[in-house]
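Enquirer: Below are the structure tokens for one structure; questions will follow.
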Amino acid sequence: MDFGLVLQTDPPASAVVGLMRRAERNGFRYGWTFDSSVLWQEPFVIYSRILEHTTKLTVGPMVTNPGTRTWEVTASTFATLNEMYGNRTVCGIGRGDSAMRVAGRKPNTLARLGEAIGVIRDLAEGREAEVDGQRLRLPWVKDGKLPVWMAAYGPKALALAGEKADGFILQLADPYLTEWMVKAVREAAADAGRDPESITICVAAPAYVGDDLAHAREQCRWFGGMVGNHVADLVARYGEHSGLVPEALTEYIKRRQGYDYSHHGRTGNPDTAFVPDEIVDRFCLLGPVQAHIDKLRALRELGVDQFALYAMHDAREAVIDAYGAQVIPALS
């Protein structure tokens, strides 16, 4: 199992670079960041510094979207980083939540997302692709490589990930839901004539190591609110009891009142009081080291290839070090 570190690009950027260097020293192989241009600093500028100050870390957004930047700009940015530092980038992509809504735009359609996945990958790897009716190619790209991993929850999005993406990002660590969603992605891949095992499965969630479970829950409760924001979209689209989305995912948002993106991904988010302890425990990894190891082993048995650790809490260095000293060696 691989491990990744997920951060927000809060200033100073040097702190983000420092934490990514710490992660690499501790055996993490991936460095991810949020990508929301209004809420945080521009990640691609920071990726350049991370790549310069690491040797093996693969970096990318969790997640970008097809609407914030034009597709040829996104592809060219990845390809430039790859030319400078070797093929050490990965493109996590989704419909767009905070990046689009904070700017007053709606998230992209799945049709647009599916088209963007192919175009960005083709351009970044040096192939010709069509953008807005125009055939384009980046003539300077040589031996480029850009895996594109798609974030998804709903049935149509899971099917699209299986049909087109190189990897699937699931932003929660509940084994029951992980099994259900991985199965949906792999079935869609098989139906599309692809090898289901060729799709990398990445589970992303907060992790907090320690014996004070109540404190850990409060530090990570924001995550249930962030996931609930996506779940609310699914309920609005498919209905509460459609059978298309597991009730284990939708039930807890009934008390949800709204969402203020100024607190997005933040400890102490006042819009996440509706999230019960049970959801925090199911969606996150909390408690002593052995509890993390046990849950990660269960996820690995379900086909998870990477655990990406959200470190938006008051113990970022401690959790990176604990994983490097005890968790990563136990899962490697």
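The values are calculated or read from the model by the stated rules, or taken from the named source; none is laboratory data. Since the model is a prediction, treat every value here as computed from it, not as a measurement. Ideal geometry is used to build each Cβ from the backbone, glycine not excepted, and the neighbour counts take in all protein chains shown. Surface areas here come from the heavy atoms of the whole protein model, side chains and all, with no ligands, DNA or RNA. Shrake-Rupley method; radii C 1.70, N 1.55, O 1.52, S 1.80 Å.
Enquirer: Could you grab me the full set of residues in the stretch 36-49 that are at pLDDT below 95 and either out of contact with any helix residue (DSSP H, G or I) (no Cβ under 7 Å at 6 or more places or on another chain) or of a type outside the set (S, T, N, Q) (or both)?
Expert: Residues satisfying the conditions are VAL38, LEU39, TRP40.
Enquirer: Between residues in the stretch 9-21 that are open to solvent by 10 Å² or more (accessible area, probe 1.4 Å) and residues that are modelled with pLDDT under 95, which pairs lie under 7 Å by C-beta distance while being six or more apart or on different chains?
Expert: ASP10/TRP40
Enquirer: Which one of ARG112, ARG127, ARG137, ARG88 is open to solvent by 10 Å² or more (accessible area, probe 1.4 Å), in contact with a strand residue (DSSP E or B) (Cβ under 6 Å, 6 or more places away or on another chain) and either more than 25 Å from GLY225 (Cβ to Cβ) or in contact (Cβ under 8 Å) with a residue 24 or more places away in the chain (or both)?
Expert: Matching residue, one of ARG112, ARG127, ARG137, ARG88: ARG88.
Enquirer: Here are some residues: GLN306, GLN326, GLN290. Which one is more than 20 Å from LEU213 (Cβ to Cβ) and among the polar types (S, T, N, Q)?
Expert: Working: GLN326 fails: more than 20 Å from LEU213 (Cβ to Cβ); GLN290 fails: more than 20 Å from LEU213 (Cβ to Cβ).
The match here is GLN306.
Results for (1) surrounded by 15 or more Cβ atoms within 10 Å (Cβ to Cβ); (2) part of a loop (DSSP other than H, G, I, E, B); (3) in contact with a Cys (Cβ under 8 Å, 6 or more places away or on another chain); (4) at pLDDT below 95, shown as yes or no for each residue.
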| site | (1), (2), (3), (4) |
| --- | --- |
| LEU51 | yes, no, no, no |
| GLU72 | yes, no, no, no |
| PHE78 | yes, no, yes, no |
| LEU81 | yes, no, no, no |
| GLY96 | yes, yes, no, yes |
| MET100 | yes, no, no, yes |
| ARG105 | no, yes, no, yes |
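Enquirer: Report whether or not THR70 is among the polar types (S, T, N, Q), in contact with a strand residue (DSSP E or B) (Cβ under 8 Å, 6 or more places away or on another chain) and over 30 Å from GLY27 (Cβ atoms).
Expert: yes
Enquirer: To continue, here is another question. Looking at (1) open to solvent by 50 Å² or more (accessible area, probe 1.4 Å); (2) within 20 Å of the chain's Cα centre (by Cα); (3) under 28 Å from ASP10 (Cα atoms), can you tell me which one HIS313 breaks?
Expert: Unmet for HIS313, out of (1) open to solvent by 50 Å² or more (accessible area, probe 1.4 Å); (2) within 20 Å of the chain's Cα centre (by Cα); (3) under 28 Å from ASP10 (Cα atoms): (1).
Enquirer: Take HIS263 and tell me if it is closer than 22 Å to THR33 by Cα and open to solvent by 50 Å² or more (accessible area, probe 1.4 Å).
Expert: yes
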